[in-house]
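Reading through the structure tokens given below for one structure.
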Amino acid sequence: MSDETVRKAEIEKRFSFLEARFSKQLNEDEMGEVLKGVESTVDISIAMRSFELTYKDEPRSIFHPYDKEEKS
Amino acid sequence: MTKTPEFLPIRELGRLLRKKEVSPVELAKFFLDRLEAEGPKYNALVTVTRERALKEAREAEAEISQGRYKGALHGIPYGVKDLIATAGNIPTTWGAVPFKNQVLDYDATIVKKLSNAGAILIGKLAMIELAGGMGYAYPQASASGPAITPWGNKDSWTGGSSSGSGAAVAAGLVPFAIGSETWGSILMPAHNCGISGLRPTYGRVSRYGAMPLSWTLDKLGPMCLTADDCGLVLNEIAGRDPCDHTTSKSSFAYDDQDPSDRTFKFALLKDMVANGEEAVKANFGESLKILEQIGTIEEVEFPDLPYEAATRTILNAESASIFEDFFDSGQFHELSGDSSKFGAYSRLAVPATDYLRALRIRDRICDVANNLLGSYDAIIGTPRNQVATPINQPIRVSSITGLARDILGSVGNIAGLPSVAVPNGFGDRGLPTGIQFMGNAYEENSVLAAARAYQNITDWHNQHPSD
């Protein structure tokens with residue numbers, strides 16, 4: 001499959017989820033804006049995925065265990 | 001008072017208060033009247049907190065008259081961006097119509113700290129709705145209307161999202177203000193309003209009581225007339241807070257030694273102003289000549305990483321989670337922004353794997369920034385490459401959406417680095433331009449010293465708009 005085919009499939013998948021969830025709340029024009037947003041966020045995802053990571057790359061996490069001293 | 005104080009820096013106001021040449025009550029009344037009368041002209045004001053201000057001012061007056069002087073901010077009036085919680089039945093509107101009656105009725109940690117330092121809260125200041133986090137194409141995306149920079153023909157935008165904070169400081173309606181930045185929201189209005197704004201290191205200042213837009217990108221910081229004033233304010237608001245587990249254990253003490261004898265080592269991002277307006281390029285070129293008098297400048301280039309895409313993904317995913325119930329509520333329609341705001345719904349479909357990939361890339365970016373900036377006092381650049389947009393026109397460049405490039409902004413915010421923006425001249429339509437000094441994490445003193453050294457030999461920060 002070409003890159004463009006994959007891109008379109010991802011846009012459709014994300015948009016169909018949002019359409020199912022919000023089409024009662026948003027009119028056609030507003031859903032059109034949602035579609036533009038989806039296209040943009042998919043392009044952002046594609047740009048980010050093009051950067052190669054390794055198994056060593058861990059997320060900068062916001063989680064750390066409860067620390068009594070920290071709360072004092 | 002023999003001289004009107006609207007454009008006196010905090011340090012000078014503090015000297016007058018300490019010497020009892022002006023009283024806190026007198027000063028508070030002066031700025032309350034000024035904020036109330038002039039604030040609406042710039043769409044800068046949400047709420048004047050007169051009752052609370054006069055109570056705090058009377059307390060400060062009693063303390064100072066008894067010789068109990070608390071420090072640089074004692075008796076100094078200030079305003080906060082209206083996403084910061086305040087006690088006293090004062091609304092905290094988040095700049096958005098659906099939240100116009102919201103009363104949180106507790107003081108955010110930053111407000112508590114400023115109260116403890118003796119500062120006087122005189123008003124809640126306008127902002128782009130929900131700190132601009134839903135994306136916006138026009139300055140009208142605020143419950144207060146488009147905020148107007150006091151410069152030029154008074155028909156151009158302050159920048160956002162700390163819009164009222166920028167306008168109020170620039171117009172001399174408050175001696176300083178608190179703004180917030182997730183991506184550009186302190187530096188951009190500082191640039192558009194010709195003032196000094198400091199984005200502290202992530203975790204330097206408690207976010208407790210501030211509207212969350214992105215838990216791992218949000219920072220609160222001072223907006224003032226001078227870089228020195230930014231240091232004085234940061235000195236009081238920085239510090240560990242048990243209510244915000246992301247605050248740093250690393251302490252901060254403002255180093256206000258005269259930087260005139262220092263030789264700075266600056267990095268300059270390659271092609272920083274290549275796509276800038278002519279006046280921005282010219283002013284930045286002049287700034288470089290001045291900085292060569294106080295230090296060395298080496299051109300640097302960031303390696304090719306998806307800086308903006310990773311930062312946007314973090315912002316999109318975190319803001320979607322924070323506002324998911326708001327999306328579901330249907331109240332989104334009540335926001336003031338144009339129809340492009342509905343694009344923000346798309347964030348609810350960003351996969352978890354993308355968010356985590358962005359956090360993994362963030363780790364790489366922190367390493368890159370540390371390796372690249374480690375040996376420099378600051379990397380220099382422009383906060384924006386164009387002057388303020390007319391309020392009736394669409395915003396020309398939006399960093400937080402699409403694929404537009406903003407390397408300094410994205411690196412600085414995703415890696416949580418401090419940066420101070422100061423004015424460096426004027427461009428089209430008499431509107432200000434600026435320069436920023438961005439440094440290593442927790443090294444606010446270095447960037448402030450560089451900005452103060454620059455302001456020691458320039459006069460842009462002493463120029464003020466007429467009423």
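Yes or no: segment B:453-460 includes at least one residue that is surrounded by fewer than 23 Cβ atoms within 10 Å (Cβ to Cβ) and among the β-branched types (V, I, T).
yes
Residue-wise test of (1) open to solvent by 50 Å² or more (accessible area, probe 1.4 Å); (2) under 30 Å from B:M134 (Cα atoms); (3) under 23 Å from the mean Cα position of the chain (by Cα).
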position: B:D255; (1), (2), (3): yes, no, yes
position: B:L268; (1), (2), (3): no, no, yes
position: B:A274; (1), (2), (3): yes, yes, no
position: B:I294; (1), (2), (3): no, no, no
position: B:Y307; (1), (2), (3): no, yes, yes
position: B:E324; (1), (2), (3): yes, yes, no
position: B:S336; (1), (2), (3): no, yes, yes
position: B:Y345; (1), (2), (3): no, yes, no
position: B:P351; (1), (2), (3): no, yes, no
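Quick check, is B:A143 under 24 Å from B:P390 (Cα atoms) and not in a loop (DSSP other than H, G, I, E, B)?
No, not satisfied.
So if I check each of B:A369, B:A388, B:A415, B:A358, which one is surrounded by 17 or more Cβ atoms within 10 Å (Cβ to Cβ) and over 22 Å from the mean Cα position of the chain (by Cα)?
The conditions single out B:A358.
If you take the residues of segment A:10-29 that are open to solvent by less than 30 Å² (accessible area, probe 1.4 Å) and facing chain B (nearest Cβ under 8 Å), which of them is farthest from the chain's Cα centre (by Cα)?
Step by step, filter segment A:10-29, then rank; the result is A:L26.
Do we have any residue at all in segment A:36-55 that's closer than 30 Å to B:P242 by Cβ, at the interface with chain B (Cβ under 8 Å from one of its Cβ atoms), part of a loop (DSSP other than H, G, I, E, B) and at pLDDT below 95?
No, segment A:36-55 contains no residue that is closer than 30 Å to B:P242 by Cβ, at the interface with chain B (Cβ under 8 Å from one of its Cβ atoms), part of a loop (DSSP other than H, G, I, E, B) and at pLDDT below 95.
List the pairs whose first member sits in segment B:193-212 and is within 24 Å of B:N43 (Cβ to Cβ), whose second member is at pLDDT below 95 and of a type in the set (A, V, I, L, M), and whose Cβ atoms are under 6 Å apart, counting only residues at least 6 apart or on separate chains?
none
Filter segment B:195-224 for residues that are in a loop (DSSP other than H, G, I, E, B) and under 12 Å from the mean Cα position of the chain (by Cα) and give the result.
Matches in segment B:195-224: B:I195, B:P200, B:D218.
When you go through B:A108, B:A126, B:A37 one by one, which is the residue that is at pLDDT 95 or above, closer than 24 Å to B:I391 by Cα and open to solvent by less than 10 Å² (accessible area, probe 1.4 Å)?
So the residue among B:A108, B:A126, B:A37 that is at pLDDT 95 or above, closer than 24 Å to B:I391 by Cα and open to solvent by less than 10 Å² (accessible area, probe 1.4 Å) is B:A126.
The values are calculated or read from the model by the stated rules, or taken from the named source; none is laboratory data. This one's a predicted model, so the numbers in the text were calculated from it and none came from an experiment. Every residue, glycine as well, gets a Cβ built from its backbone with ideal geometry; the counts of neighbours run over all protein chains shown. Each accessible area value is taken on the protein alone, full model and side chains, heavy atoms only, with ligands, DNA and RNA left out. Shrake-Rupley method; radii C 1.70, N 1.55, O 1.52, S 1.80 Å.
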